[in-house]
Amino acid sequence: MHILGGFGVAALAGSILSYNGMNISYWKLFIAFIVVAIAWEIYEYIHDILIARMWNGWFDTTKDIIDGYIGMSIAYFFTRK
């Protein structure tokens, strides 16, 4: 799911940049991805603590971000010119 999410965020960011006539760079897509990934992980942490009363830990958080990064990297190769 996180691979698909990273792909979607980067593809959307690439489409917006392309539509506005801006260059699509790896770093621009990475910044868009990392902002969304960190926001999601903060949301997930708050949800886990307040609702589920348990947190999955740093391993899960790190794995989620790495999976998203893989998806973002794949999207970069599809969106670059």
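The values are calculated or read from the model by the stated rules, or taken from the named source; none is laboratory data. Keep in mind that this is a model prediction, so the values were computed, not measured. Please note: Cβ atoms are built from the backbone with ideal geometry, for glycine as well, and neighbour counts cover all protein chains shown.
When the range 58-81 is limited to residues that are surrounded by fewer than 12 Cβ atoms within 10 Å (Cβ to Cβ) and modelled with pLDDT of 90 or more, the one that is nearest to H2 (Cα to Cα) turns out to be T62. Taken together, the residues in the range 39-75 that are in contact with a Phe, Trp or Tyr (Cβ under 7 Å, 6 or more places away or on another chain) and over 27 Å from L17 (Cβ atoms) amount to 4. Of all residues in the range 1-57, those being in a loop (DSSP other than H, G, I, E, B) and surrounded by 13 or more Cβ atoms within 10 Å (Cβ to Cβ) number 4.
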